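One structure is given below, encoded as structure tokens.
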Amino acid sequence: MYQTVLLPLKYKNSHFHICYSTSWNNFLFQELINEIVLNENISLNEIGKKIIFHIDFDYFYAQCEEIRKPELRNIPSVVCVYSGREEDSGVVSTCNYEARKYGVKAAMPIRLAKSKLKDIEAIFLPTDMPYYHEISRNAMRIIENYGELFEQVSVDECYVDFTKITNSDFDDAKIFANSLQKNIKDQINMTCSIGVGPNKLISKIASGINKPNGITVVSRQDAKNFISNCKIEDIPGVGPKTAKKLKSLGIDSISDISNKSIFELRDALGYKTATFLVNASNAIDYSQIKARGTSKQIGKIVTLKKDIADFQQINLAAASLCTSVYENLRNKGQAFRILTIILILENLQHVSFSKSLKLYSASFDELHKNSLFIIKEMINNNSISLDNIRRMGVVVSDLKDISGQDSLVNYFEN
Ligand code: TTP
Ligand code: CA
């Protein structure tokens with residue numbers, strides 16, 4: 001039995017798919033496409049070494065409530081969206097694991113949840129979104145500082161790339177997962193569940209296996225077996241509609257899907273879904289972590305020569321720093337909106353000044369021009385004098401991924 005999977009490839013700015021049959025000689029195939037660059041600058045070889053964490057906070061809104069009201073910890077607590085029409089009209093947003101023991105779950109009418117907890121000491125609370133977002137920001141900041149590429153996908157979920165830190169070793173990844181979980185607990189008193197896998201798909205499913213406060217590591221070698229033992233509905237994005245369609249085709253399990261080819265499923269499900277499902281059922285997922293968020297920054301700081309005293313010298317230093325930052329932005333396919341100049345003076349005092357651009361930019365000229373503008377402003381404001389600057393830094397933040405855009409040339413001039 002052989003299998004076909006589709007590889008999405010980008011080569012010389014053209015997108016295409018390679019239809020790869022597992023009946024091919026695997027080694028030769030790898031050799032053939034190692035030269036082909038996937039998603040700009042990630043080779044298939046690199047993808048084959050990935051270690052991705054999916055971190056999902058447990059009973060998030062309800063756990064946020066427990067942080068500020070520890071008395072909720074050992075009793076069922078239910079966070080609700082009240083519609084306001086009648087006293088108990090509305091739905092359950094989430095509940096702690098104590099309440100789940102009684103069958104309460106998200107999206108359930110509040111009345112039904114109350115009936116399940118009849119005669120039991122339980123607390124019902126309204127949602128407080130600004131507070132949950134504040135906790136989310138704190139939690140994500142801890143995680144972001146831990147790994148490499150970081151992508152937040154919802155208020156309580158994110159992916160982090162741990163490939164380099166762990167040297168692609170799943171035993172090391174387990175140690176990092178334990179330490180990250182402990183760190184989050186120590187810093188914000190919150191539990192999370194972590195899935196570790198060779199790609200986003202596997203790590204996402206894995207994080208749901210040992211909830212709450214669990215860690216599930218699925219190594220590259222175990223991934224196919226792991227997914228074969230999951231239910232079709234466990235694949236993220238597969239809803240009851242797709243599951244029903246698959247059932248009507250006589251497909252009841254993930255192994256059933258993996259025994260089909262994309263071409264057999266294409267007519268019933270459409271090309272995109274068929275490709276996704278056949279790949280997923282073989283534990284294959286080429287989607288990349290998209291680093292997003294406002295706290296990521298790119299920057300460089302240099303020590304200036306002691307005798308630096310005129311604006312021409314500052315200009316040269318700024319040009320060199322901007323070139324480095326620009327190269328970094330370009331490699332990452334990102335644009336920036338906030339530019340900060342940091343100056344460290346002879347007496348080690350730090351002075352910094354930021355400017356927010358009206359539009360995102362990845363233009364070297366704009367970066368350089370605005371850097372000089374900020375430095376001149378600092379001089380004019382008497383914040384600094386030219387002869388006592390010892391170190392200088394250029395930092396860009398509020399970054400946006402633009403690598404997938406057709407108008408890339410609008411951002412990066414040659
Ligand atoms: P989830 O991660 O799905 O659920 P959870 O964090 O409450 O529980 P766990 O991960 O331990 O299973 O959702 C995150 C938050 O999103 C959740 O705390 C509340 C909100 N939410 C709703 O408001 N309505 C819903 O139907 C769901 C599923 C979640
Ligand atoms: Ca969650």
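The figures follow:
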| read-out | value |
| --- | --- |
| Exposure rank, largest accessible area first [Ser385, Ser363, Ser356; 1.4 Å] | Ser356, Ser385, Ser363 |
| Using θ = phi - 60° and Karplus 6.51 cos²θ - 1.76 cosθ + 1.60, couplings along region 352-369 (whole Hz; Gly, Pro as x) | 9, 8, 10, 9, 9, 6, 5, 10, 5, 9, 9, 8, 4, 4, 5, 4, 5, 4 |
| Nonlocal amide H pairs with Tyr82, under 5 Å, H built at 1.01 Å | Thr127 |
| Neighbour cut-off at most 14 other Cβ (10 Å), DSSP loop, GluC sites (Glu not before Pro), region 56-97 | Glu86, Glu87 |
| Per residue, in Å², the accessible surface of region 39-188 once ligands and nucleic acids are set aside, probe 1.4 Å | 50 |
| Sequence of His368, His54, His133 when ordered by accessible area, the most exposed leading, probe 1.4 angstrom | His133, His368, His54 |
| Local electrostatic count, Gly208, Cβ distance below 10 Å [Lys/Arg +1, Asp/Glu -1] | 0 |
| Percent of C-alpha pairs per 10 Å bin, region 55-154, short to long | 15, 43, 28, 11, 2 |
| Protection proxy ranking of 169-180, 335-346 - average other beta-carbon atoms within 10 Å, highest first | 335-346, 169-180 |
| Percent carbon-and-sulfur accessible area, region 130-176, ignoring ligands, DNA and RNA, probe 1.4 Å | 49 |
| Placed amide H near Phe124: partners under 5 Å, 5+ positions off or other chain | Val78 |
| Protein-only accessible surface order, largest first, of Val394, Val155, Val217 at 1.4 Å | Val217, Val155, Val394 |
| Per-residue HN-Hα couplings for region 177-185 [Karplus 6.51, -1.76, 1.60; θ = phi - 60°; Hz; x = Gly/Pro] | 5, 4, 5, 5, 4, 5, 4, 5, 4 |
| Phi-based couplings in Hz for region 263-278 (Karplus 6.51, -1.76, 1.60; Gly and Pro marked x) | 5, 6, 9, 4, 5, 6, 10, x, 4, 5, 5, 4, 4, 4, 5, 5 |
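The values are calculated or read from the model by the stated rules, or taken from the named source; none is laboratory data. What you are looking at is a predicted structure, and each value in this text was computed from that prediction instead of being measured. Here Cβ is always computed from backbone atoms with ideal geometry, including for glycine, and neighbour counts include all displayed protein chains. The area values use the complete protein model at the heavy-atom level, side chains included, leaving out ligands, DNA and RNA. Shrake-Rupley method; radii C 1.70, N 1.55, O 1.52, S 1.80 Å.
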